[in-house]
Number of protein chains: 2
Amino acid sequence: MRFTSEQRLDDGVLERAFTLGEIPGTLWTSGSAPAPLILMAHNNGLPRGESRLVARARHAAAHGYAVAAIDAPGCGDRPRSAAEEQDRADLRRAMRAGEPVDEIFESFIGPLVDKAVPEWRTTLDALLSLPGIGGPVGYSGWTAVGIRLAVVEPRIAAAGFFAGGYVPRAQREEARQVTIPLLFLLQWDDEGNPRQRALDLFDAFGSKEKTLHANMGGHTGTPWFEVEDGERFFGRHLK
Amino acid sequence: MRFTSEQRLDDGVLERAFTLGEIPGTLWTSGSAPAPLILMAHNNGLPRGESRLVARARHAAAHGYAVAAIDAPGCGDRPRSAAEEQDRADLRRAMRAGEPVDEIFESFIGPLVDKAVPEWRTTLDALLSLPGIGGPVGYSGWTAVGIRLAVVEPRIAAAGFFAGGYVPRAQREEARQVTIPLLFLLQWDDEGNPRQRALDLFDAFGSKEKTLHANMGGHTGTPWFEVEDGERFFGRHLK
């Protein structure tokens, strides 16, 4: 892991960009005592520099967590294959035309998840070897990647998932194998994501401790207090 | 309003029993500065002295709220009519036999709500005239009574409802007229209360700001952290 830039932000948080082989990432920390770690991923491969993710990451870092985000293959600025570009073009066209989009989502979100999870695990290895990062480890954000990670990665102790993104059928099946404490965040009137599918997924998770939070405001309208609720959830399980 | 007993509890909370005409109630307070008020009612008329309600009331009082509970007509130790006793006996028999219970619930919960709401308003008048109680006013607990109160009583500024109780058809209709901020608490696998009916009710509320929290653990298994979440909700709207 090589740090490529570093800046101290006005909330006292240290923001460091890193590369780990081909993986570009960002680490937000504050203080020097070993901190629990939160892996933060945006649904469907939005870039790690996206402002809402950065705001959440900085808030958690200012409250005693180490927070890391990466751009997984095909996400953020990472190069995309011609097939991926074609899938995304097909998706935009189908959405504009009001046509069904599930099969297009399956064809490109499934492979994104398959490629992202090993890179998140490699990143986790590297992060836990840094001074000042102590674990335990939580995960926040992209549901499909989080389900797979929670199933294959025993170091993930608790997870907050955002329901607003396509979850491939494979991960909907795997949901029953997830047993860690979960906080599942749903936008009740998310225009692009069927509510019943999200409720079915919440029902499917195998976790004995799982909590659903649903709010109004459309896909991007999650109220800010949910950031604080998420940190209290992690506080119960990581601290 | 006449205080009939008073004791200082080990958490520093002052617990006072009162009567207001025929209405028996309890008031929990701490400190002397004017505090926002929470009216706390148990679903379906459980007594105000029930241990889970008392624990919630004391916690909120210790954190700066004045909290009041009453036994409304037919609730707690208040006398019941022969018809009410018959309805409750019918309900127990139907439940044991696995027969439908909606119509029995309608026949006795509906009138309980009709009689409870005016007494809560009378109590609210008296409470707000006391020194040390400043408003604004929140409501917590029994959904059916809370819906009617939120519709007819403009002094209720925010409400937390517990989904685990029968809501008469009249209040399910009135839900659309509720516009105050809401926190709706659902036990996902509540054996006696159909989940879909609770989700439909959440959907029906007219409030622009409404949040659903769902947890595992059956009807009485609400995790304690929801008490703290509820107080943060009131903190956003009453403080």
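The values are calculated or read from the model by the stated rules, or taken from the named source; none is laboratory data. This structure is a prediction, so every number in the text was calculated from the model and none was measured. Positions of Cβ are backbone-derived with ideal geometry, glycine not excepted, and every protein chain shown enters the neighbour counts. The area values use the complete protein model at the heavy-atom level, side chains included, leaving out ligands, DNA and RNA. Shrake-Rupley method; radii C 1.70, N 1.55, O 1.52, S 1.80 Å.
Inside the stretch A:210-231, can you point out the residues that are closer than 10 Å to A:Gly160 by Cα and open to solvent by 20 Å² or more (accessible area, probe 1.4 Å)?
Passing the criteria: only A:Glu231.
For the stretch B:222-236, which positions are in a helix (DSSP H, G or I) and either closer than 21 Å to A:Lys210 by Cβ or more than 11 Å from chain A (Cβ to nearest Cβ) (or both)?
Residues of the stretch B:222-236 that are in a helix (DSSP H, G or I), as a first pass: B:225-236.
Scanning the stretch B:222-236 gives B:Phe225, B:Glu226, B:Val227, B:Glu228, B:Asp229, B:Gly230, B:Glu231, B:Arg232, B:Phe233, B:Phe234.
Starting from the stretch B:43-65, take each residue that is assigned to a helix (DSSP H, G or I) and list its partners that are among the polar types (S, T, N, Q), counting only C-beta distances under 6 angstrom and pairs at least six apart or across chains.
That search, which allows pairs on different chains as well, returns B:Ala61/B:Thr29; B:Ala61/B:Ser30; B:Ala62/B:Ser30.
Taking into account only those residues within the stretch B:194-206 that are surrounded by 18 or more Cβ atoms within 10 Å (Cβ to Cβ) and within 11 Å of chain A (Cβ to nearest Cβ), which is farthest from B:Thr179 (Cα to Cα)?
B:Leu199
Which residues, counting only those in the stretch A:158-192, are under 21 Å from A:Asp229 (Cβ atoms), assigned to a loop (DSSP other than H, G, I, E, B) and under 17 Å from the mean Cα position of the chain (by Cα)?
Result: A:Ala163, A:Gly164, A:Gly165, A:Val178, A:Ile180, A:Pro181.
Would a scan of the stretch A:118-133 turn up a residue that is under 28 Å from A:Leu212 (Cβ atoms), aliphatic (A, V, I, L, M) and out of contact with any Pro (no Cβ under 6 Å at 6 or more places or on another chain)? Spell out how you get there, then give the answer.
Filtering the stretch A:118-133 down to residues under 28 Å from A:Leu212 (Cβ atoms) leaves A:120-121, A:124.
Cutting the leftovers down to aliphatic (A, V, I, L, M) gives us A:124.
Now drop any that are not out of contact with any Pro (no Cβ under 6 Å at 6 or more places or on another chain), which leaves A:124.
Yes - at least one qualifying residue is present in the stretch A:118-133.
Yes or no: the stretch A:52-66 includes at least one residue that is at pLDDT 90 or above and under 17 Å from A:Leu20 (Cβ atoms). Break it down into steps so the answer makes sense when it comes.
Quick first cut of the stretch A:52-66, residues at pLDDT 90 or above only: A:52-66.
Among the residues that remain, those that are also under 17 Å from A:Leu20 (Cβ atoms) are: A:66.
The answer is yes; a qualifying residue exists.
Does A:Thr179 qualify as being within 13 Å of chain B (Cβ to nearest Cβ), loosely packed, with under 15 Cβ neighbours inside 10 Å and β-branched (Val, Ile, Thr)? First the steps, then the outcome.
On the way: within 13 Å of chain B (Cβ to nearest Cβ): yes; loosely packed, with under 15 Cβ neighbours inside 10 Å: yes; β-branched (Val, Ile, Thr): yes.
Against the criterion (within 13 Å of chain B (Cβ to nearest Cβ), loosely packed, with under 15 Cβ neighbours inside 10 Å and β-branched (Val, Ile, Thr)), A:Thr179 qualifies.
When the residues of the stretch B:44-75 are narrowed to those that are open to solvent by less than 20 Å² (accessible area, probe 1.4 Å) and farther than 16 Å from B:Glu119 by Cβ, which ends up nearest to the chain's Cα centre (by Cα)?
Of everything passing the filter in the stretch B:44-75, B:Leu53 is nearest to the chain's Cα centre (by Cα).
If B:Arg169 passes every condition in (1) more than 13 Å from every other protein chain (Cβ to nearest Cβ); (2) of a type in the set (Lys, Arg); (3) more than 18 Å from B:Ala144 (Cβ to Cβ) but one, which one does it miss?
(3)
So A:Gly164 fits all but one of (1) more than 11 Å from chain B (Cβ to nearest Cβ); (2) open to solvent by 20 Å² or more (accessible area, probe 1.4 Å); (3) of a type outside the set (D, E, K, R); what number is the exception?
Among (1) more than 11 Å from chain B (Cβ to nearest Cβ); (2) open to solvent by 20 Å² or more (accessible area, probe 1.4 Å); (3) of a type outside the set (D, E, K, R), the lone unmet condition for A:Gly164 is (2).
Scanning for something touching a residue at least 40 places away in the same chain (Cβ under 8 Å), farther than 21 Å from A:Phe225 by Cα and open to solvent by less than 10 Å² (accessible area, probe 1.4 Å), does the stretch A:5-15 turn up at least one residue?
No, every residue in the stretch A:5-15 fails to be touching a residue at least 40 places away in the same chain (Cβ under 8 Å), farther than 21 Å from A:Phe225 by Cα and open to solvent by less than 10 Å² (accessible area, probe 1.4 Å).
Could you run through the stretch A:207-221 and say how many residues are more than 7 Å from every other protein chain (Cβ to nearest Cβ) and in contact with a Ser or Thr (Cβ under 7 Å, 6 or more places away or on another chain)?
Residues flagged as more than 7 Å from every other protein chain (Cβ to nearest Cβ) and in contact with a Ser or Thr (Cβ under 7 Å, 6 or more places away or on another chain) within the stretch A:207-221 amount to 1.
Go through (1) within 13 Å of another protein chain (Cβ to nearest Cβ); (2) hydrophobic (A, V, I, L, M, F, W, C); (3) touching a helix residue (DSSP H, G or I) at 6+ places or on another chain (Cβ under 8 Å) and name the single condition B:Ala144 misses.
(1)
Checking the condition in contact with a Gly (Cβ under 8 Å, 6 or more places away or on another chain) and more than 25 Å from B:Glu153 (Cα to Cα), which residue from B:Glu103, B:Glu84 passes?
Checking each option against the conditions leaves just B:Glu84.
Find the helices (runs of 4 or more DSSP H) located wholly in the stretch A:76-153 whose residues include 3 or more that are at pLDDT 95 or above and surrounded by 14 or more Cβ atoms within 10 Å (Cβ to Cβ), and list them. Walk me through it before giving the result.
On the way: elements: A:82-97, A:102-128, A:143-152.
Output list reads A:102-128, A:143-152.
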